[in-house]
Amino acid sequence: MKKRIFLALELPKDVRRKLKKYFNKSLPVRWVNPENLHVTLNFLGEIDDLQLAQVLEIVQTVSGRHPQTEITLEKIIPFKYMIWAQVKNNPELQSLYEDLNQEFTAANIGRRQHQSYRPHINLARANQDTVSIQPEIALSNLRFSAKDVVVFQSILKADGPEYISLDAFALLSK
């Protein structure tokens, strides 16, 4: 049986709580459950159990080559049909993304990733008209240390996705 798999950096509870304060309940959007907020690294899509074993091996190996990094959230912005918390440019995060992407491509696992990585946290989904009325909001001092790469299974449900953490792999301590 295939599973819908993605890799992400989990947010600490205090960061999720602070982001939730920016949820504008008057907008006709579907806000993400704060427990599901994360920074996506790679979305692999539907993979089987054999590929999942390979994914876990690859993530463990790649995580052991990259240091923990400080993630800074710059601003909340509308983007197409979503509202994002944009992550400040981070060369260490970019390098981690590229390394994972290269390994998955070489192993022929998952979906082809975008050429350019735009790290963000998806806060809400909407139609384009709704998103355009969301103003940009600058975030100050909203940061956290990314210490692990988490492999998640996403189960799509009528009331929104359920994310199950399958395993987490530590990044190198600085």
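Summary table below
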read-out: Dipole moment magnitude, nearest 20 debye, the chain about Cα centre, only Lys, Arg, Asp, Glu C-beta charged; value: 680
read-out: Given 16 as the ceiling on other Cβ atoms within 10 Å, longest exposed-site-free region of the chain for chymotrypsin sites (Phe, Trp or Tyr not before Pro) in DSSP loops; value: 82-174
read-out: Cα centre as origin, Lys/Arg/Asp/Glu Cβ charges: the range 43-144 dipole, Debye; value: 380
read-out: R0 of 41 Å, Cβ-Cβ distance ILE137-ASP48: FRET efficiency to nearest 0.05; value: 0.50
read-out: Most mobile of PRO135, PRO67, PRO78 in a GNM of the chain (Cα contacts under 10 Å); value: PRO135
read-out: [x] 0.96; [y] 1.03; [z] 1.35, with the label sought being that of the calculated Rg/Rh (Cα atoms, Kirkwood Rh); value: [x]
read-out: The range 28-43 - phi-based ³J(HN,Hα) in whole Hz, Karplus 6.51/-1.76/1.60, Gly and Pro as x; value: x, 10, 9, 6, 6, 4, x, 5, 9, 5, 6, 9, 6, 9, 9, 9
read-out: Kyte-Doolittle at least 0.0, axis length at least 15 Å by Cα - qualifying DSSP helices, the chain; value: 49-63
read-out: Charge dipole of the chain about the Cα centre (unit charges at C-beta), most positive-ward option of GLN60, ILE83, ASN24; value: ASN24
read-out: Rounded if a/c under 1.5, otherwise prolate or oblate - the range 1-93, Cα gyration tensor axes; value: oblate
read-out: ³J(HN,Hα) computed for each position of the range 136-153 - Karplus, 6.51 cos²θ - 1.76 cosθ + 1.60, integer Hz, glycine/proline x; value: 5, 10, 6, 10, 10, 6, 9, 8, 7, 9, 7, 10, 9, 9, 9, 9, 10, 9
read-out: Long-range HN-HN contacts of THR69 with modeled amide H, under 5 Å; value: ALA146
read-out: Most fluctuating residue given options ILE155, ILE121, ILE58, as computed from a GNM of the chain linking Cα atoms under 10 Å; value: ILE155
read-out: Set LYS20/LYS157; LYS20/LYS75; LYS21/LYS75; LYS147/LYS174 screened for pairs whose C-alpha atoms are more than 19 Å apart; value: LYS20/LYS157
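Read-outs throughout are calculated quantities, based only on the coordinates presented, and are distinct from any laboratory measurement. Since this is a predicted model, take the numbers as computed values, not measurements. Glycine gets a Cβ as well: all are built from the backbone with ideal geometry, and neighbour counts include every protein chain shown.
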